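Q: Sharing a structure here in structure tokens format.
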């Protein structure tokens, strides 16, 4: 009998600023070939997919007809069931996921168990919610990572009203930040954490998540019993 497929938890923002359509499509289509994918969002609300073109609109219209297109509420997630966590590029993340207590519990479980975590572009703001036991220290202190650079964010008309600028947050909370030029493909892998600088980095970031999960499964299957 073949082994059951591992499960991937794909977390989405429910804020009106939404989730990048293209980043989500890359994230879902790639992981769905390897994992059983479960969508989750604050309060289980339907997601607004932004920056759609004709192709992504057609894909999403078909996707929404599937039963698995509706996200579960974060508080209903049995976190021990999942092998990896994925957060695509989501302009809405800074407005809801960045302070979500249920997501913080999920992320801290993944850190404790050293399970792969992948966050991309504006979705990296979701990691802000996780704190250590003292409720002060960021759970990703001392990690190396990337996110949208200030130069990338400054082009947006909403830049002045952003509650968090991730480049600043990462540096101020004890992690190590790096970036490439605006819109360049750039990812950072540190231990079990993969971050992609921007939407353009979605494909490579998710491919690295799959590789990391396969490596982890290979080590577990070859370990002496």
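The values are calculated or read from the model by the stated rules, or taken from the named source; none is laboratory data. Just so you know, these numbers come straight off a predicted model, no measurement behind them. For neighbour counting, all protein chains shown are included, and Cβ atoms are generated from backbone atoms with ideal geometry for every residue, glycine included.
Q: Which is surrounded by fewer than 23 Cβ atoms within 10 Å (Cβ to Cβ), modelled with pLDDT of 95 or more, touching a helix residue (DSSP H, G or I) at 6+ places or on another chain (Cβ under 9 Å) and part of a helix (DSSP H, G or I), of 23, 56? Break it down into steps so the answer makes sense when it comes.
A: On the way: 23 fails: surrounded by fewer than 23 Cβ atoms within 10 Å (Cβ to Cβ).
Checking each option against the conditions leaves just 56.
Q: Still on this structure, please answer the following. Could you please give the count of residues in the range 150-161 that are touching a helix residue (DSSP H, G or I) at 6+ places or on another chain (Cβ under 6 Å) and either crowded, with 16+ Cβ neighbours inside 10 Å or within 22 Å of residue 185 (Cβ to Cβ) (or both)?
A: The qualifying residues number 2.
Q: Turning to a different aspect of this structure: Answer yes if at least one residue in the range 85-102 is in contact with a strand residue (DSSP E or B) (Cβ under 8 Å, 6 or more places away or on another chain), within 20 Å of residue 192 (Cα to Cα) and either modelled with pLDDT under 95 or assigned to a loop (DSSP other than H, G, I, E, B) (or both), and no otherwise.
A: yes
Q: Can you find, within the range 26-38, the residue that is farthest from residue 126 (Cα to Cα) among those that are in contact with a helix residue (DSSP H, G or I) (Cβ under 7 Å, 6 or more places away or on another chain) and at pLDDT 95 or above?
A: Here is the first cut: in the range 26-38, the residues in contact with a helix residue (DSSP H, G or I) (Cβ under 7 Å, 6 or more places away or on another chain) are 26-27, 30-31, 34, 37.
Now narrow it down to the ones that are at pLDDT 95 or above: 26-27, 30-31, 37.
Working: 26: 19, 27: 16, 30: 21, 31: 20, 37: 19 Å.
Only one residue fits best here, namely 30.
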